[in-house]
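Each remark here refers to the structure printed beneath this line.
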Amino acid sequence: MRVGEREILLLGTAHVSQESIDAVRAAIEREPLDGVCVELDTRRRAALEAGQRFESLDLREVLRQRQVPSLLVTLLLAGFQRRIGSELGVAPGSELLEAVRAAEARDIPVALVDRDVGITLRRAWAAMSWRTRFQFVVMLLASLFADDEISEDDLRELRRGDVLNRVIGELGEAFPGLKRVLIDERDRYLCERIRRAPGDRVLAVVGAGHVAGIEAELARDGPVDLEALDAAPPRRRGVAAVGWAVPVLILGALVAIGVREGAAAAQDGALYWILANGVPAAVGAAGALGHPLTVLVSFCAAPLTSLTPVIGAGYVAAFAQTYVRPPRVSELVNAVDDASHWRRWWQSRLLRILLVFVLTTLGSMLGTFVGGAELLRRLA
């Protein structure tokens, strides 16, 4: 389509399609181009060129920055794409790498026009409520471990505009916050980066689901605030308030019980709080087949971490598991493939660390609810 005096060619692809690889190569070899824009950021390009491996993953840094949920979603999404790609004999994102290589082989400037994947995942996670996050992860797990086969004909049908628009519409109805970040925001972001790319005749290689949105944004020809779209999501004030309200409520209840019924009653309440938090967290760590030291750490940490929003029991347990059972290099290499098989979540040291985080967190949340409810009942 023409944008002012420039011509922008949009090529929509499926990220696990041999047909898309061939189409990208043919377009770059056939068309006289001044530039090629690719739906990649620097980190995703490096990951694709390295075979989407996790050898350079600094798990301790992930834990320190509290980015485990983003890592989990990344693994699940990558595993889902890898499963589809293995059925078709095509690695996910191969057509994007083909666009980069074909353009560089012809000395055509390449622009990576996608938003940093870390920012996108953080904004997507922040855009969903806790209930929606749970529904999304369950849906992702169900699709990841499903046995349905996906053929090239299925992908070709999916790339048809009407089918794809219906799929995106259904996504928007089920997860409006997710669609806003993954589709709508990135449509605007990709459009503005493409618009700013140099050259009078530019080919943009993007996922088929973005074509309609980018065309609409290009036709609108209005400025897009890239700085706002690149910003990390702010911490929700309500979440912070609830995080501090829980310890204030629990400690206040223990003090009130002590004043009204004596120190012995307060000690009984404190013991109940410790057991109500520690036991479910320890059971969660044990259910993930965590190391005995991890189970002990989970039991000791949960009653304390539940009284502060700074760090959760799941992170403490994951740190302990990482220390006593660090992941092997082979497990980092095969992380995406292992994530596609549910049994390997208990066999792989890397995935077991993530499983320890999830199950210990769930146990601690359950213990906080049960323990808090009992203390309030005693107070009442």
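Do we have L296 as over 24 Å from the mean Cα position of the chain (by Cα), at pLDDT 80 or above, assigned by TED's automatic domain parsing to the domain that holds N277 and not in a helix (DSSP H, G or I) here? No. Exactly one residue out of R83, R115 is modelled with pLDDT under 60 and either closer than 14 Å to V205 by Cα or crowded, with 17+ Cβ neighbours inside 10 Å (or both): that is R83. Any idea how many residues of the stretch 1-30 are β-branched (V, I, T) and assigned to a strand (DSSP E or B)? Residues flagged as β-branched (V, I, T) and assigned to a strand (DSSP E or B) within the stretch 1-30 amount to 3. Taken over the stretch 350-380, residues that are within 19 Å of the chain's Cα centre (by Cα) and of a type in the set (S, T, N, Q) amount to 1. Taking the criterion of being within 27 Å of I353 (Cβ to Cβ), aliphatic (A, V, I, L, M), surrounded by 14 or more Cβ atoms within 10 Å (Cβ to Cβ) and in contact with a helix residue (DSSP H, G or I) (Cβ under 6 Å, 6 or more places away or on another chain), would at least one residue in the stretch 262-274 satisfy it? Looking for residues that are within 27 Å of I353 (Cβ to Cβ), aliphatic (A, V, I, L, M), surrounded by 14 or more Cβ atoms within 10 Å (Cβ to Cβ) and in contact with a helix residue (DSSP H, G or I) (Cβ under 6 Å, 6 or more places away or on another chain), one finds at least one in the stretch 262-274, hence yes. Look at A212 and say whether it is in the same structural domain as D41 (by TED's automatic domain parsing), among the hydrophobic types (A, V, I, L, M, F, W, C) and part of a helix (DSSP H, G or I). Spelling it out, A212 is indeed in the same structural domain as D41 (by TED's automatic domain parsing), among the hydrophobic types (A, V, I, L, M, F, W, C) and part of a helix (DSSP H, G or I). Condition check: under 30 Å from E98 (Cα atoms), among the β-branched types (V, I, T), assigned to a helix (DSSP H, G or I) and touching a residue at least 24 places away in the same chain (Cβ under 8 Å). Does V283 satisfy that? No: the conditions fail for V283.
Conditions (1) closer than 30 Å to F319 by Cβ; (2) modelled with pLDDT under 70, marked per residue:
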| position | (1), (2) |
| --- | --- |
| S20 | no, no |
| I28 | no, no |
| P32 | no, no |
| V38 | no, no |
| R43 | yes, no |
| A50 | yes, yes |
| R53 | yes, yes |
| L59 | yes, yes |
| Q65 | yes, yes |
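Against the conditions (1) more than 21 Å from G363 (Cβ to Cβ); (2) modelled with pLDDT under 90; (3) not acidic (D, E), V239 satisfies every one except (1).
Going by what's in this entry, would A302 be described as at pLDDT 90 or above and touching a Phe, Trp or Tyr at 6+ places or on another chain (Cβ under 9 Å)? Here the answer is no, as A302 does not meet what is asked.
The values are calculated or read from the model by the stated rules, or taken from the named source; none is laboratory data. Fair warning: this is a prediction, and the values are worked out from it, not measured in the lab. Reconstructed Cβ throughout: ideal geometry from the backbone, glycine too, with neighbour counts over all protein chains shown.
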